[in-house]
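Worksheet for the structure shown next.
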Amino acid sequence: MNLISALLIAIGLFFFLGGSIGIIRLPDFYSRLHAAGMLDTMGLFLSMAGLALYVLTDFSFANVLVAIKIMLIVVFVFITSPTATHAIVDAGVRAVREPWTKDKKGGNPI
Amino acid sequence: MKLIGKLTIFLCGTLLIVFANKFPDFGDPHSPAATHLSPYFIEHTMADTSVPNIVTSVLADYRGYDTMFETTVILAAGLACFFLLRLPEEEEKEIYFRHVPTGVTIRIEECGAAPEDSEVFQRIDSQWVPCDIIIRSTSRLLIPFIQIFALYVVAHGHHSPGGGFQGGVVLGAAVILFAISHNLRTTVAKIGEKSAAIMSAAGVFIYAGTGALCLVLGESFLNYGALAPILGTDRVMARSHGILIVEIGVALAVMSVMIWIYYNLSSAGKQDEGL
């Protein structure tokens with residue numbers, strides 16, 4: 001059980017790492033947001049699932065409540081994080097920010 | 001005059017530097033605070049106030065004066081924003097509305113009748129911002145949860161980290177989220193500037209009034225034990241309940257000051273249309 005939760009947290013951290021590298025390395029506004037929005041949500045889900053499993057190794061009513069609270073965090077982040085990404089992309093589109101393409105290099109990086 | 005100011009600053013700075021050396025080390029177990037004050041609070045808090053969270057009882061009971069004036073400082077910050085930023089309302093000569101289904105923008109002159117509270121017509125001005133159905137419905141979904149959590153933070157300050165300031169900020173943030181996801185005009189229609197101002201003063205009034213009530217009942221200011229006959233409990237529980245009453249006042253003041261400052265800052269004092 002502990003091994004599974006450690007594995008889950010490690011995979012979650014890997015997603016976080018990918019997201020951070022993506023924010024720095026990707027060429028323009030939209031692709032950076034893609035990295036930040038998708039990978040953070042996934043990383044949070046995996047690491048929180050790992051923590052919930054770790055809490056549940058010592059099975060009692062109080063710990064089940066803690067695990068439910070941890071999973072509630074995930075539920076709220078799953079609702080809010082895509083919405084926040086959507087709002088920022090929406091603002092970018094309305095501000096006529098050109099997406100990056102292969103032949104028209106550069107776009108307009110921030 | 002400038003010279004006197006500079007001299008004062010120089011003198012205060014020198015004194016601070018000189019005496020900073022004589023302070024006890026950080027976390028020194030032999031410092032006066034650690035040998036006299038901390039043990040008293042750690043040993044007596046539960047017996048005095050029956051509040052398990054020592055920080056809350058020190059903040060709102062033993063050190064109640066300080067927190068009362070902190071709340072007053074927050075009210076003063078709201079007032080300062082109001083006096084610095086608020087502009088008198090101007091009568092606009094022409095206003096613009098957009099007919100949403102067709103995308104036609106119409107101009108209404110001074111004498112014309114403007115459509116009010118319509119789903120079909122949308123008010124357009126220089127600071128018009130688009131609002132999006134996804135963002136709107138998500139924030140509508142989340143705001144009740146945020147508010148319930150804020151009330152939990154206020155009420156649970158006795159047992160866990162939290163209390164009036166934190167809960168008030170979360171409550172204010174819920175309203176600000178509503179203002180961002182919809183627009184400022186809708187929000188002002190729900191919680192007006194006047195009611196935000198009155199509520200922020202009322203929060204400070206609840207705090208100071210609780211203190212004054214203790215004074216009326218014949219004990220010292222902010223000694224909540226005096227409230228025992230009113231609350232119908234013994235003196236220890238009365239102190240616990242007194243802390244809760246005071247926290248509610250703080251939460252009210254902090255929430256409405258947050259909203260009030262947001263109204264003034266985001267619309268540059270015009271209260272037309274925010275972010």
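The values are calculated or read from the model by the stated rules, or taken from the named source; none is laboratory data. Since this is a predicted model, take the numbers as computed values, not measurements. We place every Cβ from the backbone using ideal geometry, glycine too, and count neighbours over all the protein chains shown. We work out accessible area using only protein heavy atoms, side chains counted, and drop any ligands, DNA or RNA first. Shrake-Rupley method; radii C 1.70, N 1.55, O 1.52, S 1.80 Å.
For the condition within 14 Å of chain B (Cβ to nearest Cβ), open to solvent by less than 70 Å² (accessible area, probe 1.4 Å), over 28 Å from residue B:149 (Cα atoms) and of a type outside the set (A, V, I, L, M, F, W, C), residue A:19 does not qualify.
Answer yes or no as to whether residue B:28 is of a type in the set (Asp, Glu) and assigned by TED's automatic domain parsing to the domain that holds residue B:154. In short, no.
Does residue A:96 satisfy being of a type in the set (Val, Ile, Thr) and part of a helix (DSSP H, G or I)?
For residue A:96, the condition - of a type in the set (Val, Ile, Thr) and part of a helix (DSSP H, G or I) - is not met.
Entry remark, the range B:188-221: residues being modelled with pLDDT under 85 and buried (at least 19 other Cβ atoms within 10 Å of the Cβ) number 1 in total. Assess whether residue A:65 counts as being open to solvent by less than 70 Å² (accessible area, probe 1.4 Å) and either assigned to a helix (DSSP H, G or I) or under 30 Å from residue A:96 (Cβ atoms) (or both). For residue A:65, the condition - open to solvent by less than 70 Å² (accessible area, probe 1.4 Å) and either assigned to a helix (DSSP H, G or I) or under 30 Å from residue A:96 (Cβ atoms) (or both) - is not met. Of the residues A:40, A:103, A:58, A:90, which is open to solvent by 50 Å² or more (accessible area, probe 1.4 Å) and under 22 Å from residue B:180 (Cβ atoms)? Exactly one of A:40, A:103, A:58, A:90 is open to solvent by 50 Å² or more (accessible area, probe 1.4 Å) and under 22 Å from residue B:180 (Cβ atoms), namely A:40. Note on the range B:136-164: among residues that are buried (at least 19 other Cβ atoms within 10 Å of the Cβ) and within 11 Å of another protein chain (Cβ to nearest Cβ), the one that is nearest to residue B:254 (Cα to Cα) is B:139.
How about the range A:39-62: which of its residues are among the small types (Gly, Ala, Ser) and assigned to a helix (DSSP H, G or I)? Working first, answer last.
As a first pass, look at the range A:39-62 and keep what is among the small types (Gly, Ala, Ser): A:43, A:47, A:49-50, A:52, A:60, A:62.
Within the range A:39-62, A:43, A:47, A:49, A:50, A:52, A:62 qualify.
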